[in-house]
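The values are calculated or read from the model by the stated rules, or taken from the named source; none is laboratory data. All values derive from a computational prediction rather than experimental measurement. Cβ placement follows ideal geometry from the backbone for every residue including glycine, while neighbour counts extend to all protein chains displayed. To get the accessible areas, we keep the full protein, side chains included, count just its heavy atoms, and leave off ligands, DNA and RNA. Shrake-Rupley method; radii C 1.70, N 1.55, O 1.52, S 1.80 Å.
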Amino acid sequence: MSLTEQPAPAPGPEGDAAAEQLRDRISADSLTTRRDYLRIVATVSGGLAIGGVGVASGILHRHGDSETAPRPKKVADSLEPGASVAFRFPGDEDRALAVRLADGSLVGYSAVCTHLACAVLWREDRGADGELYCPCHEGVFDARTGEVTAGPPPRALPRIFLTEQADGSVWALAAARSGEPAREALCRQFGETRPEATQGLGCPGADRAAATERRRT
């Protein structure tokens, strides 16, 4: 029998005592329910707050954080204008996206929204270049530059540097941090491992590193 189905207490002293016990029991059950509810709300809210602080303060992993060049990765055998392909780069857990724009330009970005790390998609039918879109909170990024054009994302999408080989295959070579200029990203990742590739960029210490590499060979 539920509390709401309890029989009415009889009148008189015994009835008054029974009524008082019933009120105490209902109050205790209500208090327990309220405490459980508040505990659940506090736990969930605390978890969301910690996750939000982690993303905002940069505690969570960010694309392109490595100081060394990743291993080049084949993205696709070919990529036609108006097509896109999802892949993992620079690490096996890093979601990325390569897009061939209508004019033939090849662009690549992290596919992790800079707001709360939801997946970013490419929508071809939005303007001449399409757009990069995060459906979680309506974040929108420019497909040609990766810059934020709408919604809550605080930073541009980190760039993935792509190259196309003579056979038409598309390869990912390096990754930039959000807002990092291309030259700085390439100097940071290739400065020591591929000094000959950074000489033309005028990277600090590139000439010295290249000369050291020549003496070794």
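Which value, in Å to one decimal place, does the Kirkwood hydrodynamic radius take for segment 71-201 when every pair of different Cα atoms is included?
Roughly 15.0 Å, rounded to one decimal.
Expressed as a whole percentage, what fraction of the accessible surface of segment 128-170 belongs to carbon and sulfur atoms when a 1.4 Å probe is rolled over the protein heavy atoms?
Values: 950 of 2030 Å².
Carbon and sulfur together cover 47 percent of it.
Need one number: nm distance between label points at A86 and T149, each 7 Å from Cα along Cα→Cβ, rounded to one decimal.
Going from the A86 label point to the T149 one covers 2.1 nm.
Could you do me a favour and compute the accessible area per residue for segment 134-205, 1.4 Å probe, result in Å²? Please list the in-between numbers first.
Numbers: 3560 Å² over 72 residues.
Ligands and nucleic acids excluded, the figure is 50 Å² per residue.
Given a Förster distance of 45 angstrom, what is the FRET efficiency for C118 paired with E196, based on the Cβ-Cβ distance and rounded to 0.05? Walk me through the numbers before you get to the answer.
Numbers: r = 39 Å, r/R0 = 0.87.
Once the sixth-power term is evaluated, E becomes 0.70.
Sum up the charges of everything whose Cβ sits under 12 Å from the Cβ of A172, counting Lys and Arg as +1 and Asp and Glu as -1, but leave A172 out. Mind showing how you got there, number by number?
On the way: positive: R71, K73, K74, R88, R159; negative: D94, E164.
Within the 12 Å Cβ shell, the charges total +3.
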